[in-house]
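Participant: My questions all concern the structure below.
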There are 2 protein chains.
Amino acid sequence: MSTAFIRTLREDPADAEVASHKLLVRACYIRRAAPGIYTWLPLGLRTLRKIEAIVREEMDAIGGQEVHFPGLLPAEPYKASGRWSDYGPTLFTLTDRKDNDYLLAPTHEEMFTLAVKDMYSSYKDLPAVIYQIQTKYRDEARPRAGIIRGRDFVMKDSYSFDVDDAGLEASYRLHRDAYERLFARLGLDYVIVNAMAGAMGGSHSEEFLHPSPIGEDTFVRSAGGYAANAEAVTTVVPDPVDASGVGPARVVDTPDTPTIETLVDLCNEAYPRADGRPWRASDTLKNVVMVLTHPDGRRELLVVGVPGDRDIDMRRLEAAVAPAEAEMATDDDFEGHPELVRGYIGPTAIGPNSPKRRVEIDQEGNERLTGSVRYLVDPRIVEGTSWVTGANETKKHVLDLVMGRDFTADGTIEAATIHEGDPAPDGSGPLSLARGIELGHIFALGRKYSRALDLTVLDENGKAQVVTMGSYGVGVSRVMAALAEANHDEHGLTWPIAVAPYHVQVLATGKDEEIFSTAASIAQALDAEGIEVLYDDRRKVSAGVKFADAELLGLPYTLVVGRDLGKQGTVEIRDRRSAERHSVPANEAAEHLASLVHQALAAAAGDQGS
Amino acid sequence: MSTAFIRTLREDPADAEVASHKLLVRACYIRRAAPGIYTWLPLGLRTLRKIEAIVREEMDAIGGQEVHFPGLLPAEPYKASGRWSDYGPTLFTLTDRKDNDYLLAPTHEEMFTLAVKDMYSSYKDLPAVIYQIQTKYRDEARPRAGIIRGRDFVMKDSYSFDVDDAGLEASYRLHRDAYERLFARLGLDYVIVNAMAGAMGGSHSEEFLHPSPIGEDTFVRSAGGYAANAEAVTTVVPDPVDASGVGPARVVDTPDTPTIETLVDLCNEAYPRADGRPWRASDTLKNVVMVLTHPDGRRELLVVGVPGDRDIDMRRLEAAVAPAEAEMATDDDFEGHPELVRGYIGPTAIGPNSPKRRVEIDQEGNERLTGSVRYLVDPRIVEGTSWVTGANETKKHVLDLVMGRDFTADGTIEAATIHEGDPAPDGSGPLSLARGIELGHIFALGRKYSRALDLTVLDENGKAQVVTMGSYGVGVSRVMAALAEANHDEHGLTWPIAVAPYHVQVLATGKDEEIFSTAASIAQALDAEGIEVLYDDRRKVSAGVKFADAELLGLPYTLVVGRDLGKQGTVEIRDRRSAERHSVPANEAAEHLASLVHQALAAAAGDQGS
């Protein structure tokens, strides 16, 4: 410790909000180099490499072959697949000295496809699983939480190649099982949920989420076994309603109703319902103005209508509009749109209902809607439902505005928040919600990339078949953050032994030369037993600081050589996770602790069932 | 082999000129992804990782602590050090979505300096050696020879931090010794030569060159112990000459003299020297028009004058004008310069001799020369020397043009080729020339980066001292190319066992099931002994193809299970490098070969003297 490139911090870094970020910086595992870009310091690099090694073992166990593609890639293959534009500003792009386009790879489907095309030509060459563990680059709009969502991150990405769909399913299952073993081995809880494929494309995909309150993914589960990322949940659409008995829409004064709650209260007081039941938030239709940024940089206003008891879920919205990015409209965006009366936006001024809506034919002969912003509604806004909503005039709302009778929309969108108790789309019961950290994502890609890049092999009959692919990612650096989230207490990190940067920290506390010489010889003896030791040999550092540092760093065992050595010839062994302590004679300490470590390592390896 | 991601090529790749490039591609170790950018296939990645592991061991042995800095970096630290501009177009640069400047790191002096500044504050924290093994990026103007000079490459870069010059010398020496052990251990011949620091800066630096005819570096040695990269050689400057007896310069007709040789012949015939000795090429002064591209993109014409028996050495020229890049002037560059009469350029029309030369004061108050191109001459062009050179008129040269009397230059430049037998600058005798591949480069940087980025520590008296630094690189991927250059024959690669991707290739040749089952069980037995085995289990591939592939791949040992198995129960063991073969009973083969491999590995480890 006296020479190690380690300097712990007593204070949380100002920009850190989650425990893993705070602790990994304070304990000197990582340091910020730029927004969302981190340097791996010696401790962090050791833990990262141990996680990588475990991932590598599990990939090798399913026949994966490791390669390493460049991080800096020519644009052509990504232009061929469409991702050069689909990724939009999330792609780091550059030009070389000859003005050729390059990118920093966000993931490598195109390159693996081309490599297999280069080397394989027959169905006999398949199936194949090829992988790499590598730094990836994505210029995230909102990097956050340290290495949970960075702009560079270490990822294991593997790719399967099969001649037919059954082969793809087998390769997909092989990865799914490998991931289950991997996360079990790392001691990380996980849930497998249906997911959206996003820019990746493909027929179906699943995510491995680690349940955690600080996770940025929301997922749902039903008692009947449904599990999905909130982004992938489809709303159960109610049947159309017979609105023949509903009176005509009527505009009413609604002063002082800045919120849905105040609007509902006012309506109940001033305009009670004819049927006697009170107005509820779910009777209101809230129209939210968003702005989409398309990959080509074009900005588009979009109004999203959701029942007033729900909000816009930004991640569901972004998943729905991908590859476009979405954000709330700003004051500037409202300019030139007098029909959008802020706080009182109603369907009759927008979308197909706008009196200004025109169909234009552009130069390529495509129909384009102009004259009003696009209007998409939650799937619950079905034919015949009546709504309390904005009247497009300040301080006025309209009651009994009926979908299909008084207004329509340009379509539906899955962007509303999901509520605890919402029905599962497969009828398996009410949903419960939780948050999770995405550890892995497996995609049955199908033929998107092989078609774009013309990867075929000859089948048994000599006929060219387009190869079908899967792609499978593990966020290796994010796994480290998830492990830190799952393994810490108020004093610091509490690593599982399989990924701890060292197994043991030896502390010499006191001033006697004997303490330091005994500690040094125990550290040496442990080292000789193959135990990884960090020896805190600092001379002018108090015992209190050493204990605090040891707890912060979070190695599984601490061996304390202190004043008990002189008094009774003993040293103390502390278990970081259980906080158990026991004394052993100094001359037996190394052997005793080595045996504890070997047992713990064996138990950790045993968790994988081997 | 039947499922491995390996496909050998019979033909050399079209763009490959050197053996390592041809063989590493043909044997499926690497594949080109873009100009100067390569993909590491399974075999290549295994060998690269083994070299990395050996480098890591030697760095750890001198107390190096491994970290990993991002490859994608913010521009600010590089702007502070000046390298953002000094690197010019060699730096890959980009902007992120917020239009901030970023770069792909060519090397990491700035980041290590900042990290130490962040964590250390006292002389007690020093000395420190910190390193990483990582992909670096340089947009080389002329990538060549596969992974010998790529635009991305794997480099070990370490940095030393010391409080004083004696400390720096000690850290420098530590690295120098570690590099000697490293290259000895890899079995690579090397020469340590003085070098130019280039864009890196610093007081002195040395290169480790692997002598090889395909190396792009030329280096010189004298019997007296001088050794330097040709870039760093300084010319021994002759004493001034008394030119009082030399007659006036005279312009003569020189038709049909397209070369120095024809010019000399014509002069000897038409204008013999008064002193009776013949004209020689070294009496002529050749003026070559170059164009420099400065880091800010500005192009500048430069005429370089060298004795006619020498050429421009582009690498010496580039080293001399760095950070500018140099190339031969093109037709376009001559436009607007009627004073440059191609083929007949003489000193009297250029540089300070030009009648058009003016001194202008620019807006910042700096003097700038205008009206003629800059003129630099070889240091041998000393006061009083007389020259046959261009007369700035078509088909005319001038004789007896005396330096200092008839013309001057803007300065001297070390850009002429070095000739075998030139004197060593330190007087240690005539130089001999050879070519080499740069394996490593060690720099005593001094305080350039610590000053630019304000890295100080408090000394024993509590006074702030600017830290002094060294930086030390090993081209890990280039080392692999050098190993391939040094270890191959006409059939393929012949890896040393320490870096071979596998130790043994087991070949099953024939059709009998017994051959394949025996081969498989020997491969398994070897694997159980910890031997790394590649088993060629391909069924419909001829013995000839298998042998050819095995020789191309270059594993140290091949074990052949073929028809001798049925006849006499034996298999054959072949040593790839010595080509020795011997038969052993099949049931003893695994044990016998395992023992050979273990001996060879021990001997390889023994080369390092441990």
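The values are calculated or read from the model by the stated rules, or taken from the named source; none is laboratory data. Remember, predicted model here, so these are calculated numbers, not experimental data. Don't worry about glycine lacking a Cβ; one is built from the backbone with ideal geometry, like all the others, and counts go over all protein chains shown.
Listed here are the residues, each with its yes/no results for (1) touching a Leu at 6+ places or on another chain (Cβ under 9 Å); (2) modelled with pLDDT of 90 or more; (3) surrounded by 18 or more Cβ atoms within 10 Å (Cβ to Cβ).
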site	(1), (2), (3)
A:ASP311	no, yes, no
A:GLU327	yes, yes, no
A:ILE381	yes, yes, yes
A:THR389	yes, yes, yes
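Participant: Can you name the strands (runs of 3 or more DSSP E) wholly within the range A:242-360 that have at least 3 residues being within 30 Å of A:ALA195 (Cα to Cα)?
Facilitator: Numbers: elements: A:250-253, A:284-293, A:299-307, A:325-328.
Answer list for the range A:242-360: A:284-293, A:299-307, A:325-328.
Participant: Residues in the range A:1-54 that are of a type in the set (Val, Ile, Thr) and farther than 17 Å from A:ALA486 by Cα: how many? Show your work before the answer.
Facilitator: First, pick out the residues of the range A:1-54 that are of a type in the set (Val, Ile, Thr): A:3, A:6, A:8, A:18, A:25, A:30, A:37, A:39, A:47, A:51, A:54.
Still in the list and also farther than 17 Å from A:ALA486 by Cα: A:3, A:6, A:8, A:30, A:37, A:39, A:54.
The qualifying residues number 7.
Participant: Can you pull out every residue in the range B:585-610 that is crowded, with 17+ Cβ neighbours inside 10 Å and either part of a strand (DSSP E or B) or in contact with a strand residue (DSSP E or B) (Cβ under 7 Å, 6 or more places away or on another chain) (or both)?
Facilitator: Of everything in the range B:585-610, those that are crowded, with 17+ Cβ neighbours inside 10 Å and either part of a strand (DSSP E or B) or in contact with a strand residue (DSSP E or B) (Cβ under 7 Å, 6 or more places away or on another chain) (or both) turn out to be B:ALA586, B:ALA589, B:LEU593, B:LEU596, B:VAL597.
Participant: In addition: Could you check how many residues of the range A:365-398 are closer than 19 Å to A:LEU301 by Cβ and part of a strand (DSSP E or B)?
Facilitator: Going through the range A:365-398 one residue at a time, the tally reaches 11.
Participant: Give the range A:542-569 a look and list any residue that's modelled with pLDDT under 95 and either more than 22 Å from A:SER2 (Cβ to Cβ) or of a type in the set (Asp, Glu) (or both), or say none.
Facilitator: A:ASP564, A:GLY566, A:LYS567, A:GLN568, A:GLY569, listed by residue number.
Participant: Out of the residues in the range A:106-136 that are out of contact with any strand residue (DSSP E or B) (no Cβ under 7 Å at 6 or more places or on another chain) and surrounded by fewer than 22 Cβ atoms within 10 Å (Cβ to Cβ), state the one that is nearest to the other protein chains (Cβ to nearest Cβ).
Facilitator: A:MET119
Participant: Oh, and also: Being in contact (Cβ under 8 Å) with a residue 12 or more places away in the chain and not charged (D, E, K, R) narrows it down to one residue among A:SER222, A:SER244; which is it?
Facilitator: On the way: A:SER244 fails: in contact (Cβ under 8 Å) with a residue 12 or more places away in the chain.
Only one candidate qualifies: A:SER222.
Participant: While we're looking at this one, here's another question. Residues in the range B:552-571: is at least one among the charged types (D, E, K, R) and either within 26 Å of B:HIS491 (Cα to Cα) or assigned by TED's automatic domain parsing to the domain that holds B:GLY44 (or both)?
Facilitator: Narrowing the range B:552-571 to residues among the charged types (D, E, K, R): B:563-564, B:567.
Imposing the further condition that a residue be either within 26 Å of B:HIS491 (Cα to Cα) or assigned by TED's automatic domain parsing to the domain that holds B:GLY44 (or both) reduces the set to B:563-564.
Yes: the range B:552-571 contains one or more residues that are among the charged types (D, E, K, R) and either within 26 Å of B:HIS491 (Cα to Cα) or assigned by TED's automatic domain parsing to the domain that holds B:GLY44 (or both).
Participant: Any idea how many residues of the range B:530-582 are aliphatic (A, V, I, L, M), surrounded by 17 or more Cβ atoms within 10 Å (Cβ to Cβ) and in a loop (DSSP other than H, G, I, E, B)? Step through it out loud before you land on a result.
Facilitator: Within the range B:530-582, the first condition is being aliphatic (A, V, I, L, M), and the residues that meet it are B:531, B:533-534, B:541, B:543, B:545, B:548, B:550, B:552-553, B:555, B:559-561, B:565, B:571, B:573, B:579.
From what is left, the residues that are surrounded by 17 or more Cβ atoms within 10 Å (Cβ to Cβ) are B:531, B:533-534, B:550, B:552-553, B:555, B:559-561, B:565, B:571, B:573.
Those left that are additionally in a loop (DSSP other than H, G, I, E, B): B:531, B:555.
The total comes to 2.
Participant: Still on this structure, please answer the following. Looking at (1) facing chain B (nearest Cβ under 7 Å); (2) part of a helix (DSSP H, G or I); (3) under 27 Å from A:ALA326 (Cβ atoms), which is the one condition that is false for A:LEU94?
Facilitator: All conditions are met except number (2).
Participant: I've got another one for you. Quick one: is B:LEU552 closer than 21 Å to B:THR47 by Cβ and touching a Ser or Thr at 6+ places or on another chain (Cβ under 7 Å)?
Facilitator: Working: closer than 21 Å to B:THR47 by Cβ: yes; touching a Ser or Thr at 6+ places or on another chain (Cβ under 7 Å): yes.
Yes.
Participant: Moving to a separate point now. Taking the range A:496-514 only, how many residues are within 19 Å of A:LEU43 (Cα to Cα) and in contact with a strand residue (DSSP E or B) (Cβ under 9 Å, 6 or more places away or on another chain)?
Facilitator: Residues of the range A:496-514 that are within 19 Å of A:LEU43 (Cα to Cα), as a first pass: A:496-507.
Next, from what is left, pick out any that are in contact with a strand residue (DSSP E or B) (Cβ under 9 Å, 6 or more places away or on another chain): A:497, A:500-507.
Matching residues across the range A:496-514 total 9.
Participant: So how many residues does the range A:284-309 have that are hydroxyl-bearing (Ser, Thr, Tyr) and either within 22 Å of A:GLU261 (Cβ to Cβ) or surrounded by 19 or more Cβ atoms within 10 Å (Cβ to Cβ) (or both)?
Facilitator: To start, the set of residues in the range A:284-309 that are hydroxyl-bearing (Ser, Thr, Tyr) comprises A:284, A:293.
So of that shortlist, the ones also either within 22 Å of A:GLU261 (Cβ to Cβ) or surrounded by 19 or more Cβ atoms within 10 Å (Cβ to Cβ) (or both) come out as A:284.
Total satisfying the criteria: 1.
Participant: Only one of (1) at negative phi; (2) surrounded by fewer than 20 Cβ atoms within 10 Å (Cβ to Cβ) fails for B:GLY187. Which number is that?
Facilitator: Going through the list (1) at negative phi; (2) surrounded by fewer than 20 Cβ atoms within 10 Å (Cβ to Cβ), B:GLY187 breaks only (1).
Participant: Ok, one more. Regarding the range B:491-504, can at least one residue be identified that is surrounded by fewer than 16 Cβ atoms within 10 Å (Cβ to Cβ) and not in a strand (DSSP E or B)? Spell out how you get there, then give the answer.
Facilitator: Within the range B:491-504, the subset surrounded by fewer than 16 Cβ atoms within 10 Å (Cβ to Cβ) is B:491.
Within this subset, residues satisfying the condition of being not in a strand (DSSP E or B) are B:491.
The answer is yes, given that some residue of the range B:491-504 is surrounded by fewer than 16 Cβ atoms within 10 Å (Cβ to Cβ) and not in a strand (DSSP E or B).
Participant: All but one of (1) assigned to a helix (DSSP H, G or I); (2) crowded, with 24+ Cβ neighbours inside 10 Å hold for A:GLU485, so report the exception by its number.
Facilitator: Single failed check for A:GLU485: (2).
Participant: Give the range B:505-529 a look and list any residue that's of a type outside the set (Ser, Thr, Tyr) and part of a loop (DSSP other than H, G, I, E, B), or say none.
Facilitator: Just the residues of the range B:505-529 that are of a type outside the set (Ser, Thr, Tyr), to begin with: B:505-508, B:510-516, B:519-520, B:522-529.
Result: B:GLY510, B:LYS511, B:ASP512, B:GLU529.
Participant: On the basis of being surrounded by fewer than 22 Cβ atoms within 10 Å (Cβ to Cβ), among the β-branched types (Val, Ile, Thr) and in contact with a Lys or Arg (Cβ under 9 Å, 6 or more places away or on another chain), does A:VAL251 make the cut? If you could, list the steps in order and put the result at the bottom.
Facilitator: On the way: surrounded by fewer than 22 Cβ atoms within 10 Å (Cβ to Cβ): yes; among the β-branched types (Val, Ile, Thr): yes; in contact with a Lys or Arg (Cβ under 9 Å, 6 or more places away or on another chain): yes.
It is true that A:VAL251 is surrounded by fewer than 22 Cβ atoms within 10 Å (Cβ to Cβ), among the β-branched types (Val, Ile, Thr) and in contact with a Lys or Arg (Cβ under 9 Å, 6 or more places away or on another chain).
Participant: Quick check on the range B:139-155. Is at least one of its residues more than 10 Å from chain A (Cβ to nearest Cβ) and part of a helix (DSSP H, G or I)? Before the answer, list the steps.
Facilitator: The first filter runs over the range B:139-155 and keeps only residues more than 10 Å from chain A (Cβ to nearest Cβ), leaving B:142-149, B:153, B:155.
Narrowing the set further to residues that are part of a helix (DSSP H, G or I) leaves none.
For the range B:139-155, residues more than 10 Å from chain A (Cβ to nearest Cβ) and part of a helix (DSSP H, G or I): absent.
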